[in-house]
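The values are calculated or read from the model by the stated rules, or taken from the named source; none is laboratory data. Keep in mind the model is a prediction, meaning the values are calculated, not measured. Positions of Cβ are generated from backbone atoms using ideal geometry, with glycine treated the same way; all protein chains shown enter the neighbour counts.
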Amino acid sequence: MAKAQTTIEDEVKERISYRSPYERWKESEGLPTLRGLFVKNLYDLELAPWHSSGDGLAAFVNLEGTGGFNDAYVAEIPAGKLLKPHRHLFEETIYILKGQGATSVWISPEKKETFEWQEGSFFSIPMNAWHEHFNASGQEAARYVAMTSAPRVIDTFNNYEFVFENPFVFRDRFSGEEGYFKQSDPAQQWSTNFIADVRACRTFSGGFDRGAGAKSTVFRLVNNTVKSHVSQWTVGSYKKAHRHGPGIHIVIIRGHGYSLMWQEGKPVERIDWGPGSMFVPPEMWFHQHFNTGAEPVFFLAIGWGSDKPKSGGKSYVYKSVKEGGDQIEYEDEDPKFHLDFEAALKESGADCRMGGYHPFCTAKS
């Protein structure tokens, strides 16, 4: 019998009901998904039972700025519990929000590499290695936020068995060697597989010229493609506007303030943040971070976005847009931005310290 011809109406209905392999996988996990431009506070984010993990709770976070390039999720391990061992063919980078515990990683079950972590620890799971997480406390839950490359990997292969039950070993990243998750000596470009507490790590001047005396440290973990960094800047100051690719998840660790984000020629979005906030600037959106609090701001940025080429294959370059780059110098920004910043500082009782950096500043030193 001949197959009925597909009509345009049928195709439209099919497209309307379409769910990507990644979205279908998330639905099978039975967890809620948070969307939008930002999460106000990761610490009090409501989680649901994560049955495939055993005793864990979790929620997916798919913010608009990822563009489907990567994702995040927040998970909690109840007191005295552990999550089921698992592996996957996508990268995963983890920041411990609260609690203490340990993680075991292995290729062969006879040779497990186990390391302990605490609030502020930062590490990445080697691609496709088996791993399990333990909560060391019998009284308090442990909570972490993870960023993964699951969306593009699952959507590319469209085969869950291939992604979650693949025996391939990435020996160039991890082959079960002893001492793999031992913190190395810090550097401005820090190659290490474990950081005991990013909140206490040293930051360096130089690197990207974000202005206002900003300092940073770049992390390169377990030979992954993901690059992350921490950044801090002083009270009464703010960074230059810049843009990059999608998917860089910014987690505010210390400080209060706000960020402006906008597409060139489009309205400006404002996000007010504090400790525990997370947001993702969308691809090619300019964004600018302002400290209006009483202490230096310190954040962790997790993502691949700056490595994704622009349309046409070009790389992002952090020099003035007037020179073809992707950064707006202070003298070229909208003067209203600085006036609004000074007004916000006055409201919070802080002094502006941009006099030595900004031509529009009224607090010249």
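Would you check if Lys215 is among the charged types (D, E, K, R), within 18 Å of Thr114 (Cβ to Cβ) and not assigned by TED's automatic domain parsing to the domain that holds His131? No, not satisfied. Can you tell me which residue within segment 184-200, out of those that are touching a strand residue (DSSP E or B) at 6+ places or on another chain (Cβ under 6 Å) and buried (at least 17 other Cβ atoms within 10 Å of the Cβ), is nearest to Gly236 (Cα to Cα)? Only one residue tops the list, namely Val198. Got at least one residue in segment 305-320 being at negative phi and crowded, with 22+ Cβ neighbours inside 10 Å? Yes, segment 305-320 contains a residue that is at negative phi and crowded, with 22+ Cβ neighbours inside 10 Å.
Going by the structure shown, is Met354 touching a His at 6+ places or on another chain (Cβ under 9 Å), in the same structural domain as Ala241 (by TED's automatic domain parsing) and surrounded by 18 or more Cβ atoms within 10 Å (Cβ to Cβ)? No.
Exactly one residue out of Thr114, Thr103 is touching an Asp or Glu at 6+ places or on another chain (Cβ under 8 Å) and at pLDDT 95 or above, and it is Thr103.
Every residue, every condition in (1) touching a residue at least 40 places away in the same chain (Cβ under 8 Å); (2) within 22 Å of Cys201 (Cα to Cα); (3) part of a loop (DSSP other than H, G, I, E, B), yes or no:
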{"position": "Tyr95", "(1), (2), (3)": "yes, yes, no"}
{"position": "Val105", "(1), (2), (3)": "yes, no, no"}
{"position": "Glu113", "(1), (2), (3)": "yes, no, no"}
{"position": "Met127", "(1), (2), (3)": "yes, no, yes"}
{"position": "His131", "(1), (2), (3)": "yes, no, no"}
{"position": "Phe134", "(1), (2), (3)": "yes, no, no"}
{"position": "Gln139", "(1), (2), (3)": "yes, no, yes"}
{"position": "Arg143", "(1), (2), (3)": "yes, yes, no"}
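The combined condition, being in the same structural domain as Thr156 (by TED's automatic domain parsing), touching a strand residue (DSSP E or B) at 6+ places or on another chain (Cβ under 6 Å), loosely packed, with under 14 Cβ neighbours inside 10 Å and modelled with pLDDT of 95 or more, is fulfilled by Lys84.
With respect to the conditions (1) over 28 Å from the mean Cα position of the chain (by Cα); (2) assigned by TED's automatic domain parsing to the domain that holds Phe286; (3) surrounded by 15 or more Cβ atoms within 10 Å (Cβ to Cβ), Asp332 falls short on a single one, namely (3). Count of segment 212-249 residues, restricted to those that are surrounded by fewer than 20 Cβ atoms within 10 Å (Cβ to Cβ) and either polar (S, T, N, Q) or out of contact with any strand residue (DSSP E or B) (no Cβ under 7 Å at 6 or more places or on another chain) (or both), is 5.
Ile252: modelled with pLDDT of 95 or more, surrounded by 16 or more Cβ atoms within 10 Å (Cβ to Cβ) and part of a strand (DSSP E or B), yes or no? Yes: the conditions hold for Ile252.
For the residues Gly213, Gly176, the requirement of being closer than 29 Å to His358 by Cβ, out of contact with any Pro (no Cβ under 6 Å at 6 or more places or on another chain) and assigned to a loop (DSSP other than H, G, I, E, B) singles out Gly213.
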